[in-house]
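S.K.: Starting off with a structure, shown below.
Just so it is clear, none of the values below were taken in a lab; they were calculated from the coordinates. None of these values were measured; they are calculated from a predicted model. Positions of Cβ are generated from backbone atoms using ideal geometry, with glycine treated the same way; all protein chains shown enter the neighbour counts.
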């Protein structure tokens, strides 16, 4: 016990984070079958919020130390200015921590101001923590690689630390302002022409409007969706394809917010496949039912024949597969976000199944596959090299820096059009809105106008 007292606060917080993390699978095993559904829902929601906030607390302590406790300029400031700065930083950190609370409790037809503000602070929190860590790491490497010579004057560490903190704060403010402004702009309409082998002449210039990663929820509401729908309708699409992460909450919370989808104008049909966030809602089957009521057809490891009514013998196979995380959640993984997946086998019958989706689509028929994650696109092309085009999303083109670095490294396809072999292609949308954090840095929200062309 005495050894615990000697540990730093950061170490204690890290240990607590690990314990909370371990408590989730343990309680699933020991408690799930002994309490009713509502109690389990509250328990897992509390555990998730505790884990996220303890994890963030490590970063918050670091930020407080760098821009408050060890900030030399603050010690030289007047008491009034010092108190105001401390209060501002504390409020900023509290708002960042509250962002995931709004995901559970502040979802309605339009975003609440608190929800948008807290997620905005979360974005700035990520940027600031990155730059502070980067500058500290660079300073450490400089000291290791080129230590000062014996007898030489050592530069003031406090002065250098203060300059780094000021630069980090300035960069964070500039990038956050740019990101907020960029995300508030309407999506950009991008036209992409793709040559498809075996495409019948009657379907030459078939237009598929691709939407992805709208994330209706705490920071994207009905008015934003209405704007997207009105822009899509002006394109006079043959097909609308929604490649997942349409929502971040349950049907009951987003009935009104999702209503504009009813007014999509399309010639040959609107189609939807799940993303990982649909499974995080623990409400996938109700979303399938609700989307059908809005004249949007979910493709649940299945396909549709897309053809002009007057030439029904000329068709393309438009197939869709479930998100690959469905299978992990089905087997009891606890990595859910909204309305936590409560029991193992939560999604029986769900999971990526390319062979099932393409059953009945022969090699002489052009195949367009909707698959939310680029990893799914890669696997699908390995299973069926005859797929002509895969439409994906998920990456958001990183959405904000520095998360864009990780998104680029972990996905086989990041953003845009990729030619695979001689006759296949993958297009990854950067997303039509944004996920939670109302910022976009280094990318623009996009409505993609895919035009299929015969060779």
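S.K.: In segment 204-230, which residues have a backbone nitrogen under 20 Å from the label point lying 7 Å from residue 308's Cα in the Cα-to-Cβ direction?
M.R.: The answer is 204-209.
S.K.: Something else now. Rounded, prolate or oblate: which fits segment 238-281, taking a ≥ b ≥ c as square roots of the Cα gyration tensor eigenvalues, rounded meaning a/c under 1.5, else prolate when a/b beats b/c?
M.R.: Details: a/c = 3.99, a/b = 1.45, b/c = 2.76.
Oblate shape, in that a/c is at least 1.5 and b/c is the bigger or equal ratio.
S.K.: Compute the distance from the alpha-carbon center of segment 390-455 to that of segment 70-127, in whole Å.
M.R.: If you average the Cα positions of each part, the centres end up 30 Å apart.
S.K.: If I stretch the segment between residue 112 and residue 163 completely, what's the gain in nm (0.36 nm per residue apart, minus their alpha carbon distance), one decimal? Can you show the working numbers first?
M.R.: On the way: separation 51, 0.36 × 51 = 18.36 nm, distance 3.64 nm.
Here the answer is 14.7 nm.
S.K.: Now for a separate question. Which order, highest average first, do 209-218, 381-390 follow once you tally other Cβ atoms within 10 Å for each residue and take the mean per peptide? Let's see the in-between values first.
M.R.: On the way: 209-218: 27.2, 381-390: 18.6.
Sorting 209-218, 381-390 by mean packing, highest first, produces 209-218, 381-390.
S.K.: To the nearest 0.05, what FRET efficiency results for residue 405 and residue 84 with a Förster distance of 30 Å applied to their C-beta separation? All intermediate terms of the calculation are to be shown ahead of the outcome.
M.R.: Working: r = 34 Å, r/R0 = 1.14.
E between residue 405 and residue 84, to the nearest 0.05, is 0.30.
S.K.: If you wrap a convex hull around the Cα atoms of segment 169-285, how much volume per residue is inside, in Å³?
M.R.: 152 Å³
S.K.: Next up: Could you rank the peptides 115-125, 442-452 by their average count of other C-beta atoms within 10 Å per residue, with the highest value first? Walk me through the numbers on the way to the answer.
M.R.: Numbers: 115-125: 23.4, 442-452: 20.8.
So the peptides 115-125, 442-452, ranked by packing, come out 115-125, 442-452.
S.K.: In nanometres, what is the gap between the two model label sites at residue 204 and residue 134, each 7 Å from Cα along Cα-to-Cβ?
M.R.: Result for the modelled spin labels: 4.9 nm.
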